[in-house]
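Structure record follows, encoded as structure tokens.
The values are calculated or read from the model by the stated rules, or taken from the named source; none is laboratory data. A quick note: this is a predicted structure, and the numbers were derived from the prediction, not measured. Cβ: placed from backbone, ideal geometry, glycine included. Neighbour counts: every protein chain shown. Surface areas here come from the heavy atoms of the whole protein model, side chains and all, with no ligands, DNA or RNA. Shrake-Rupley method; radii C 1.70, N 1.55, O 1.52, S 1.80 Å.
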Amino acid sequence: MPTRGVVYVHSTPLAVCPHVEWAIARVLTAPVNLHWSDQPADVGARRAECGWSGRPGTGAELAAALRQWPMIRFEVTEDPSPGMDGERFMYVPGRGLHRSVMGAAGDVQLGEDRIRTIMASVRAPEALAHALDKALGTSWDAELEPYRYAGDGAPVTLLTQVG
């Protein structure tokens with residue numbers, strides 16, 4: 001059963017744009033030609049976004065392919081599909097990759113075992129708040145927000161996985 005998602009390349013140097021397209025094309029086994037626009041939050045950088053459809057797990061493959069370039073900022077989402085949770089991957093230079101399980105409404109889901117592990121590993125309320133923020137990807141969200149806002153109204157390319 002296919003699923004779908006979105007790749008948001010929030011910020012990349014112009015010279016890396018073709019490499020981003022090739023990386024996405026390798027995962028989707030289909031040609032990719034994104035519509036690049038200026039990224040006002042990062043002068044000289046470009047941004048693009050594309051919807052995709054493919055088999056479950058494609059979102060993780062796209063994130064792994066894109067993280068080869070440590071200077072880009074991106075997000076990859078994968079919608080839930082029968083028997084599979086949705087996922088969101090966020091990458092910020094210097095911070096690395098964050099993966100979240102996503103519910104059908106788009107909210108981050110923290111499983112019972114993860115919450116119990118966090119609760120068992122902290123002693124103070126401030127430490128609990130910090131650990132929950134980390135598990136939710138709060139720092140990644142905060143760093144990406146100006147780039148998301150700058151992309152409002154930008155064109156979107158739709159892609160489908162072949163095979």
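Return yes when A48 is of a type in the set (G, A, S) and open to solvent by 40 Å² or more (accessible area, probe 1.4 Å) and no when it is not. I'd like the intermediate steps shown before the answer.
Details: of a type in the set (G, A, S): yes; open to solvent by 40 Å² or more (accessible area, probe 1.4 Å): no.
When the stated conditions are applied, A48 does not pass them.
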Is it the case that the stretch 7-19 has a residue that's touching a Pro at 6+ places or on another chain (Cβ under 6 Å), outside any helix (DSSP H, G or I), open to solvent by 10 Å² or more (accessible area, probe 1.4 Å) and within 20 Å of A150 (Cα to Cα)?
no
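With the condition kept exactly as written, say whether any residue in the stretch 57-77 is part of a strand (DSSP E or B), open to solvent by 20 Å² or more (accessible area, probe 1.4 Å), under 11 Å from G5 (Cβ atoms) and among the β-branched types (V, I, T). Outline the logic, then answer.
Going residue by residue through the stretch 57-77, those that are part of a strand (DSSP E or B) are 73-77.
Those left that are additionally open to solvent by 20 Å² or more (accessible area, probe 1.4 Å): 73, 77.
Going one step further and asking which of them are under 11 Å from G5 (Cβ atoms), we end up with 77.
Narrowing the set further to residues that are among the β-branched types (V, I, T) leaves 77.
Looking through the stretch 57-77, at least one residue is part of a strand (DSSP E or B), open to solvent by 20 Å² or more (accessible area, probe 1.4 Å), under 11 Å from G5 (Cβ atoms) and among the β-branched types (V, I, T).
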Are any residues in the stretch 111-131 surrounded by 15 or more Cβ atoms within 10 Å (Cβ to Cβ) and either under 30 Å from M1 (Cα atoms) or among the small types (G, A, S) (or both), and if so, which ones?
A131
Output the residues belonging to the stretch 83-110 that are among the acidic types (D, E) and open to solvent by 50 Å² or more (accessible area, probe 1.4 Å).
D85, D107
So, first residue in a strand (DSSP E or B) in the stretch 89-115, second residue open to solvent by 100 Å² or more (accessible area, probe 1.4 Å), Cβ within less than 7 Å, six or more apart or across chains; the pairs are F89/R99; Y91/R67; L97/R67; V101/D85; M102/D85; Q109/D85
I'd like the residue in the stretch 67-95 that is of a type in the set (V, I, T) and closer than 23 Å to L110 by Cβ and, out of all such residues, is farthest from the chain's Cα centre (by Cα).
V92
